[in-house]
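Asks: Please find one structure pasted underneath; my questions will follow.
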Amino acid sequence: MGKPLYLAPMAEISHRALRELIEDFGGCSGYFSEMISAAALSAGGPYEKWYIDSGPKPEKLVFQLVGSDFSAICHAAAQLDRLECAGIDINMGCSAPLIRKTGAGAAWMASIDRAGQLISGIRPLVKRRLSVKLRIGFKDDFEYLARFCKRLEDAGTELITLHPRLVTEKFKRLARWDYVGMLKNELKIPVAGNGDISSSEELVRRAGGPCDAVMVGRAAVKMPWIFSEARDREQRAESREQRTENTENFTADRINRKDIGLRFLELLSMYQPPEFHVSRAKRFFGFFCDNLKWGTFLKNKLNRGNTLADIEKVWRGYFEEDRE
């Protein structure tokens, strides 16, 4: 694959179990962890060891930090930098009201100076790649976005990932991918794009556009094989151009969805604490069931499960009824 392809940071999803599942299909260029609370990490929260599990490929993992307190973020960044990882990412794009109200996530985009000062404070504390994930901003104002990102670049940011929606926009509004190319033209550092990747075909198309990397979120949960399928598409395209025979051919039709679901439940029990099992399983199947006929019906049944065993029983039962 030419350009890097990354797994996006997603709350309750981008944990080790999903990363292991994606690695089963050959992996991707890099993984961004689910949001790690800088305050909780600095305070030594009881569950933080699960959030900072860097497996299965520590050299590919970027820890993403979220927070509003300058000192806590700097302390947490330095703490994470001592672990084996690929980098530290600062969340300046989460639009969830509960996050924004605390001054974290997309709230950082309200002030260029404040955001720049944060990155300037973190930069001397970390040796690994320092990146920021953000949105367009609170208004459709590319000039402001460009100034904001240039300030981050000057402060030491080495990669920016743009989810090209406004802070207040939901997924019903299509991502403005033209902003990714526009921002790339304004900066010296790499710019990755993220948003509305729904298939391997779309992933390859976006990777061929004006960006330095592509990040995939929900589609990688629905289709953990999406990166492998995208690589195969590129290889076949190159083979046609070079008039050589491509011996590999990834076929999604051959994917055994039942086994993938069971494999995920196994990984979840191995790499997440029991308190997280049910919520994480429901989050995963909320996307993965979209692969199946009667998927909404199955989601509703899975959501009534109170234990991992309940969820596994419902999952197995669906295939025993031969709804496929």
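Asks: Quick one: in the stretch 25-45, of everything that is within 21 Å of residue 255 (Cβ to Cβ) and buried (at least 23 other Cβ atoms within 10 Å of the Cβ), which residue is nearest to the chain's Cα centre (by Cα)?
Replies: Narrowing the stretch 25-45 to residues within 21 Å of residue 255 (Cβ to Cβ): 25-28, 31.
Restricting the remaining residues to those that are buried (at least 23 other Cβ atoms within 10 Å of the Cβ) gives 28, 31.
Working: 28: 11, 31: 7 Å.
Step by step, filter the stretch 25-45, then rank; the result is 31.
Asks: Right, next: What number of residues within the stretch 50-95 satisfy the criterion of being surrounded by 24 or more Cβ atoms within 10 Å (Cβ to Cβ) and among the hydroxyl-bearing types (Ser, Thr, Tyr)?
Replies: Of the residues in the stretch 50-95, 0 are surrounded by 24 or more Cβ atoms within 10 Å (Cβ to Cβ) and among the hydroxyl-bearing types (Ser, Thr, Tyr).
Asks: May I ask you to list the residues in the stretch 255-290 that are more than 21 Å from the chain's Cα centre (by Cα) and of a type in the set (Asp, Glu)?
Replies: 259, 266, 275
Asks: On to the next question. Is the stretch 32-46 home to any residue that is more than 21 Å from residue 78 (Cβ to Cβ) and in a helix (DSSP H, G or I)?
Replies: Among the residues of the stretch 32-46, not one is more than 21 Å from residue 78 (Cβ to Cβ) and in a helix (DSSP H, G or I), which makes the answer no.
Asks: Same structure again: State whether one or more residues within the stretch 57-64 are modelled with pLDDT of 95 or more and over 18 Å from residue 158 (Cβ atoms).
Replies: We begin by selecting, within the stretch 57-64, every residue modelled with pLDDT of 95 or more; these are 57-64.
With over 18 Å from residue 158 (Cβ atoms) added as a condition, the list becomes 57-58.
Within the stretch 57-64, one or more residues are modelled with pLDDT of 95 or more and over 18 Å from residue 158 (Cβ atoms).
Asks: Okay, moving on. Let me confirm something: among 62, 66, which residue is in contact with an Asp or Glu (Cβ under 7 Å, 6 or more places away or on another chain), hydrophobic (A, V, I, L, M, F, W, C) and within 27 Å of residue 17 (Cα to Cα)? It would help to see each step written out before you state the result.
Replies: On the way: 66 fails: in contact with an Asp or Glu (Cβ under 7 Å, 6 or more places away or on another chain).
Answer to the check: 62.
Asks: Report, by residue number, each residue of the stretch 148-191 that is part of a helix (DSSP H, G or I) and over 27 Å from residue 86 (Cα atoms). Steps first, please.
Replies: First, the residues of the stretch 148-191 that are part of a helix (DSSP H, G or I): 148-155, 178-186.
Of everything in the stretch 148-191, just one residue is part of a helix (DSSP H, G or I) and over 27 Å from residue 86 (Cα atoms), namely 178.
Asks: Next question, about the same structure. State all residues of the stretch 121-147 that are aliphatic (A, V, I, L, M), part of a helix (DSSP H, G or I) and closer than 12 Å to residue 183 by Cβ; if no residue qualifies, say none.
Replies: Restricting attention to the stretch 121-147, the residues satisfying the condition of being aliphatic (A, V, I, L, M) are 122, 125-126, 130, 132, 134, 136, 145-146.
Still in the running and part of a helix (DSSP H, G or I): 122, 125, 145-146.
145, 146, listed by residue number.
Asks: With 100, 129 as the choices, which residue is closer than 22 Å to residue 81 by Cα, assigned by TED's automatic domain parsing to the domain that holds residue 228, of a type in the set (Lys, Arg) and in contact (Cβ under 8 Å) with a residue 40 or more places away in the chain? Walk me through it before giving the result.
Replies: On the way: 100 fails: closer than 22 Å to residue 81 by Cα.
Only one candidate passes the filter, namely 129.
Asks: Look through 13, 22 and report the one residue that is among the β-branched types (Val, Ile, Thr), under 14 Å from the mean Cα position of the chain (by Cα) and assigned to a helix (DSSP H, G or I).
Replies: On the way: 13 fails: assigned to a helix (DSSP H, G or I).
Exactly one residue qualifies, and that residue is 22.
Asks: Exactly one of (1) in contact with a strand residue (DSSP E or B) (Cβ under 6 Å, 6 or more places away or on another chain); (2) among the hydrophobic types (A, V, I, L, M, F, W, C); (3) farther than 22 Å from residue 30 by Cα is unmet by residue 142. Its number?
Replies: (1)
Asks: Is there a residue being buried (at least 17 other Cβ atoms within 10 Å of the Cβ), touching a helix residue (DSSP H, G or I) at 6+ places or on another chain (Cβ under 9 Å) and within 17 Å of residue 68 (Cβ to Cβ) anywhere in the stretch 169-183?
Replies: Scanning the stretch 169-183, I find no residue that is buried (at least 17 other Cβ atoms within 10 Å of the Cβ), touching a helix residue (DSSP H, G or I) at 6+ places or on another chain (Cβ under 9 Å) and within 17 Å of residue 68 (Cβ to Cβ), so the answer is no.
Asks: Mind listing just one residue for me: the one in the stretch 92-110 that is part of a helix (DSSP H, G or I) and touching a Leu at 6+ places or on another chain (Cβ under 8 Å) and, of those, farthest from residue 137 (Cα to Cα)? Don't jump to the end; show me each part of the working.
Replies: Step one: list which residues in the stretch 92-110 are part of a helix (DSSP H, G or I), which gives 97-100, 105-110.
Within this subset, residues satisfying the condition of being touching a Leu at 6+ places or on another chain (Cβ under 8 Å) are 106, 108-109.
Working: 106: 8, 108: 10, 109: 6 Å.
Only one residue fits best here, namely 108.
Asks: When you go through 145, 80, 159 one by one, which is the residue that is in contact (Cβ under 8 Å) with a residue 60 or more places away in the chain and among the aliphatic types (A, V, I, L, M)?
Replies: Details: 145 fails: in contact (Cβ under 8 Å) with a residue 60 or more places away in the chain; 80 fails: in contact (Cβ under 8 Å) with a residue 60 or more places away in the chain.
Result: 159 is the single residue among 145, 80, 159 that is in contact (Cβ under 8 Å) with a residue 60 or more places away in the chain and among the aliphatic types (A, V, I, L, M).
Asks: Does residue 54 count as in contact with a strand residue (DSSP E or B) (Cβ under 8 Å, 6 or more places away or on another chain), among the polar types (S, T, N, Q) and not in a strand (DSSP E or B)? I'd like the intermediate steps shown before the answer.
Replies: Values: in contact with a strand residue (DSSP E or B) (Cβ under 8 Å, 6 or more places away or on another chain): yes; among the polar types (S, T, N, Q): yes; not in a strand (DSSP E or B): yes.
Judged against the criteria, residue 54 is a match.
The values are calculated or read from the model by the stated rules, or taken from the named source; none is laboratory data. These figures come from a predicted structure and were not determined experimentally. Here the Cβ is made from the backbone with ideal geometry for all residues, glycine too, and neighbour counts use every protein chain on show.
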